[in-house]
Amino acid sequence: MNAYDASRMADVLEVGRNWQVVADPEQADLIIFNTCHIREKAGEKLFSELGRLHKGLRGRPVRFAVGGCVGQAEGAAIFRRAPFVDLVFGPQNYHRLPLFLERLSRGEQRICATDPATESKFDVLPMVRSHGVVASVTIQEGCDRFCAYCVVPTTRGREWSRGVEEVLAEVTDLASQGVVEITLLGQNVNAYQGADRHGRTHDLAALIRRVAQVEGVKRLRFVTSHPADMTDALVEVFAQVPQLCPYLHLPIQSGSDRVLTRMGRGHTVAEYLAWVGKLRRAVPDMALASDFIVGFPGESDADFQQTLDLVEQVGFAHAYSFKFSPRPGTSAATLPQHIPEEVSAKRLEFLQARLDAEQLAGNQRQVGRVVQLLVEGVSKRREGEVTGRTADFRRVNIPGPAAWIGRMLQVEITEGMPHSLKGRPIT
Ligand code: 5AD
Ligand code: SF4
């Protein structure tokens, strides 16, 4: 979603205004950091990068702005740590960027815009401009789940959904620009409850059926889902809507019920496994992905072992894993039974090694299969190669020209590597 937001910031500054995105900060008159507050490391990176870029200017006048969730959470405190910053804004205020810049050019200093915006940014932003054949569309933002460790409900705000026609208009516009694959975005996207113009509420399953009817949309995905908000209707659309890709990012965080309860996740391991079973019965080749947090306060060796057991049982195609990072204002930040850093680090290393091995084995099992590849671009690493994804979200590189971008090709997989596949076109 940060990538989506960043491209919308570029849209609002470029369309009808005199700004232009440049490739190199050394050519920039304005540097915007779009930030993440989910773990402490991301926040710290902001200040080191700000310092590094500011130093490199050697007195050249450049405006600095900090947007995103660190902006929202830290607000004017950012001016104290980085006094050269001109503007701080939150994720619900970026549509007002042209106005803030105008105020700065009139001499105003240190603008901090983290108030809840009175209007929806989506009513103000220009139409989205695509930069390729795959694109994302935010359909839902914020979260009401308040998992014990998570800052999202305070930084992104409470859960809300965009209207059905608004989503369809954005998708139709993207499709007319040549986009063939759409990812519907939300912090908790399967909590989507959007109204259409008749006031009828659509859940995510109903929205997917509508979006799939937009001409030109060949592939559909959505991310991220909460297991406690899974529905049978959503499982059904996987089986019934051919454009919906057989890939689901369904974070579980831990394989221990005791830890899940302490995290306030609102579901058990057995319930999670029941959804996995239903999904795989509906779509046998379903690729599942997850997120994990290790070292949550009170996590015992036995709890961690249960996470490893779950990983083995499910066989994830992909997963992200993190050390617990206490975040200000969250209930887990003050929980007792802190896990020592060395223990968390070891658990993370162990878990990641297992997940990596599983991912590699899964990729190697693809060898010899013929898959549909959507070519997204040229390979950055190797000349004469193009790159894209399979329906189940595996990255594949094949020899081929840039003219193939946007094509859906039949490809035979020839090699499975840790993070990608190699293949050869057979059509
Ligand atoms: N510490 C570590 N990881 C976190 N995540 C969210 N909050 C924290 C935190 N405080 C992880 C979760 C979530 C992903 C987006 O980030 O795994 O699914
Ligand atoms: Fe954070 Fe996701 Fe939990 Fe919401 S459901 S509080 S975004 S981890």
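The values are calculated or read from the model by the stated rules, or taken from the named source; none is laboratory data. Just so we're clear, the structure is a prediction, and the values are computed from it rather than from any experiment. Positions of Cβ are generated from backbone atoms using ideal geometry, with glycine treated the same way; all protein chains shown enter the neighbour counts. For the accessible areas, the whole protein counts, side chains as well, though only heavy atoms, and no ligand, DNA or RNA atoms are used. Shrake-Rupley method; radii C 1.70, N 1.55, O 1.52, S 1.80 Å.
Annotations for the structure displayed:
- Of residues in the stretch 374-427 being assigned to a strand (DSSP E or B) and small (G, A, S), the one surrounded by the fewest Cβ atoms within 10 Å (Cβ to Cβ): G377
- Candidate set: the stretch 182-194, residues that are open to solvent by 10 Å² or more (accessible area, probe 1.4 Å) and part of a helix (DSSP H, G or I); chosen: the one farthest from ligand 2 (Cβ to nearest atom): N190
- Against the test of being part of a loop (DSSP other than H, G, I, E, B) and within 19 Å of the chain's Cα centre (by Cα), the options R145, R197 yield a single qualifying residue, R145.
- Residue check, Q240 open to solvent by 40 Å² or more (accessible area, probe 1.4 Å) and within 16 Å of ligand 2 (Cβ to nearest atom): no
- Any hit, the stretch 146-163, residues being open to solvent by less than 20 Å² (accessible area, probe 1.4 Å), away from ligand 2 (no atom under 16 Å from the Cβ), of a type in the set (A, V, I, L, M, F, W, C) and out of contact with any Phe, Trp or Tyr (no Cβ under 7 Å at 6 or more places or on another chain): no
- Residues within the stretch 316-338 that are in a loop (DSSP other than H, G, I, E, B) and crowded, with 19+ Cβ neighbours inside 10 Å, tallied: 6
- Screening the candidates R17, R52, R60 for the property of being out of contact with any Ser or Thr (no Cβ under 9 Å at 6 or more places or on another chain), in a helix (DSSP H, G or I) and exposed (fewer than 15 other Cβ atoms within 10 Å of the Cβ) yields one hit, R52.
- Matching residues, the stretch 211-246, being closer than 13 Å to A282 by Cβ and not in a loop (DSSP other than H, G, I, E, B): D232, A233, L234, V235, E236, V237, F238, A239, Q240, L244
- Every test in (1) under 24 Å from the mean Cα position of the chain (by Cα); (2) open to solvent by 20 Å² or more (accessible area, probe 1.4 Å); (3) farther than 22 Å from G264 by Cβ is passed by Q313 save one, and that test is (1).
- The listed residue being away from ligand 1 (no atom under 16 Å from the Cβ), in a helix (DSSP H, G or I), open to solvent by less than 40 Å² (accessible area, probe 1.4 Å) and not β-branched (V, I, T), out of A135, A169, A206: A206
- Just one of the numbered conditions (1) within 16 Å of ligand 1 (Cβ to nearest atom); (2) open to solvent by 20 Å² or more (accessible area, probe 1.4 Å) is not true of S120: (1).
- Output for the stretch 272-307, where each listed residue is within 16 Å of ligand 2 (Cβ to nearest atom), open to solvent by 10 Å² or more (accessible area, probe 1.4 Å) and either under 29 Å from Q337 (Cβ atoms) or part of a loop (DSSP other than H, G, I, E, B) (or both): D291, I293
- Scanning the stretch 339-346 turns up no residue that is surrounded by 14 or more Cβ atoms within 10 Å (Cβ to Cβ), touching a residue at least 24 places away in the same chain (Cβ under 8 Å) and among the charged types (D, E, K, R).
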